[in-house]
Every structure is written in structure tokens, then in C-alpha cells.
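The values are calculated or read from the model by the stated rules, or taken from the named source; none is laboratory data. Everything numeric in this text was worked out from a predicted model, so none of it was measured. All Cβ positions, glycine included, derive from the backbone under ideal geometry; neighbour counts span all protein chains shown.
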Amino acid sequence: MSSLLLKNNFYIAQSLKKLRDVHVLSKKELAKRLNIPSSTYSKYEIELFRPSLDKLIRLARYFGVSCDYLLFCNKTSYPHHIRLLALAQTIDKAGAKKVNQIKADLNALISLTGQKQKNYIKEDSVKLPFIEDVSKNILLYIKNKGVMKKEIANYLEVTPAQITHYTKSESVPSYENLVKLSKFFDCSVHFLVTGEALHFDFDDKDFGQTILLADHFLPLEDHQILIRLMEAVLINP
């Protein structure tokens, strides 16, 4: 299993270790909070076992990150830290006064990365009412886009019968095939499996671009600093 993970460039173990360290949690404590046997969770971090899809979603929601981040760590082009970006949207909607209270700190952190453009940061643009049911989402895409199951099967290198199994919830796509499906559908894995699009709109476009850069290029420790700062700004008048 470990060689398979390395072959397919998944970084679940690294992502979980980083998140757990930033949140100062032991493996045993995190496993208990998520109702996962500690021995099972430990295998996630040494790449002996992959979390099932429902547990991957549970882990993503616990840490407030995207499933794409858990799968690929900072190598994904899609947004990483949903909690950070959602909080930034709340700040944005609260008005210019709130935004200006954190812009200086935000810009100072970003300046250290040397990043200025977000052209390589991808957001979901597929306009489909996906839900937290990957089988129904696959079927919805097929019906709405008029795509033949055979076409998807050829892209995934499986039989059309396997696609039928997916759409009938008779089997769950492997992570390899979930990634292929997301590429075929031109959406994030997170959107495909949860129905939550990784797309964040901001009235203050400059602030929106900067927070997306922060999400993509700052370390998780700085994300936590920004989250605490934004929470404080929202509380204070």
C-alpha cells in the first residue's frame, strides 16, 4: 500500500501530520475525537492504510481543509484551508473597516513569500448542484453534460460496467479514480465528494486575491495566526 501511495503522489500522511502538529494533537487524541481506532489512525500516518472516503471527509471537516489538501498537501492547485477562506469572506462582507484592520499583517506575511499572482490557483467553476454523494454526482454529471459512460470509462481505464457500479453506489471509486473523475469533470475532488464548491468570492478583489495567496503559499502556522486575527477583528467593534 505504501508503494502505491508513493506511485500515485498522494500525501495523506504528510497532510495529517502537519495538521495534527499545528493543532497540537496527539494521534491518540485525534483518533478519539473522530471516533477512529487509534491503531487505524496511526496506520494513516505511516502510509500502511488509507482512510475510507467517509473518514477522509470527516478529517477534512474537522481541520477545516479541503479533501484535495488532504490528498495532495500543498501540491494541489485548489484552495487548501476552507476555514481560513470562509472567515475571510465574513470579514469581507463586514466591510472595508474590518478588512483594513488585517490587510497590513496579511500583506506583510505574503510579502515574505514573494508571490504576487494567483493565476495558478484554481477554483471550482462547474455549475452543477452536487451533493455529498459521489455516486449521485457522477450520475448527475452524465445526465447534465450528455456524456456517455463509455467515454468516462475509457478515461478512467475501467469498464462501462464499473461506472454503472459507481452510479448505483455498488462500489466507491478509489482515490486514483476520484482524482481522474475530478479532472474529467474539471472540478476539485472536494466538490465531487462533498458537493461543496471550492470557490470564494470577495467584494474587495485585492483582499480576495491576497487571502487566496495566503491560503496557498503560507504555512499552516501562519494560517492559524490569520484565523485568530480575523476572529479578534470580528469580535471587536
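Structural remarks
- A residue that is over 30 Å from ILE142 (Cβ atoms) and in contact (Cβ under 8 Å) with a residue 12 or more places away in the chain cannot be found anywhere in the range 180-198.
- Verdict on GLN101 being in contact with a Phe, Trp or Tyr (Cβ under 6 Å, 6 or more places away or on another chain) and modelled with pLDDT under 95: no
- Subset tally (residues that are modelled with pLDDT of 95 or more, farther than 21 Å from PRO173 by Cα and acidic (Asp, Glu)) for the range 184-214: 3
- Only a single criterion out of (1) at pLDDT 95 or above; (2) surrounded by fewer than 16 Cβ atoms within 10 Å (Cβ to Cβ); (3) closer than 25 Å to ASP201 by Cβ is not satisfied by ILE91, namely (2).
- Restricting the range 173-214 to residues that are touching a Leu at 6+ places or on another chain (Cβ under 7 Å) and among the polar types (S, T, N, Q) leaves a set whose member that is surrounded by the fewest Cβ atoms within 10 Å (Cβ to Cβ) is ASN177.
- When each of ALA232, ALA161, ALA153 is tested for being surrounded by fewer than 16 Cβ atoms within 10 Å (Cβ to Cβ), among the aliphatic types (A, V, I, L, M), without any contact (Cβ under 8 Å) to a residue 40 or more places away in the chain and closer than 27 Å to ASP54 by Cα, the lone residue that passes is ALA161.
- Residues located in the range 129-139, provided they are surrounded by fewer than 17 Cβ atoms within 10 Å (Cβ to Cβ) and touching a Leu at 6+ places or on another chain (Cβ under 8 Å): PRO129
- Restricting the range 31-86 to residues that are crowded, with 22+ Cβ neighbours inside 10 Å and of a type in the set (S, T, N, Q), the residue that is farthest from the chain's Cα centre (by Cα) is THR76.
- Top-ranked residue of the range 180-237 - restricted to ones that are among the basic types (Lys, Arg) and assigned by TED's automatic domain parsing to the domain that holds ALA104, ranked as farthest from ALA96 (Cα to Cα): ARG228
- Counting only helices (runs of 4 or more DSSP H) wholly contained in the range 143-213, the ones carrying 3 or more residues that are not hydrophobic (A, V, I, L, M, F, W, C) occupy 149-156, 160-167, 175-185.
- Number of the condition not met by LEU109 [criteria: (1) touching a helix residue (DSSP H, G or I) at 6+ places or on another chain (Cβ under 6 Å); (2) in the same structural domain as HIS216 (by TED's automatic domain parsing); (3) part of a loop (DSSP other than H, G, I, E, B); (4) not aromatic (Phe, Trp, Tyr)]: (3)
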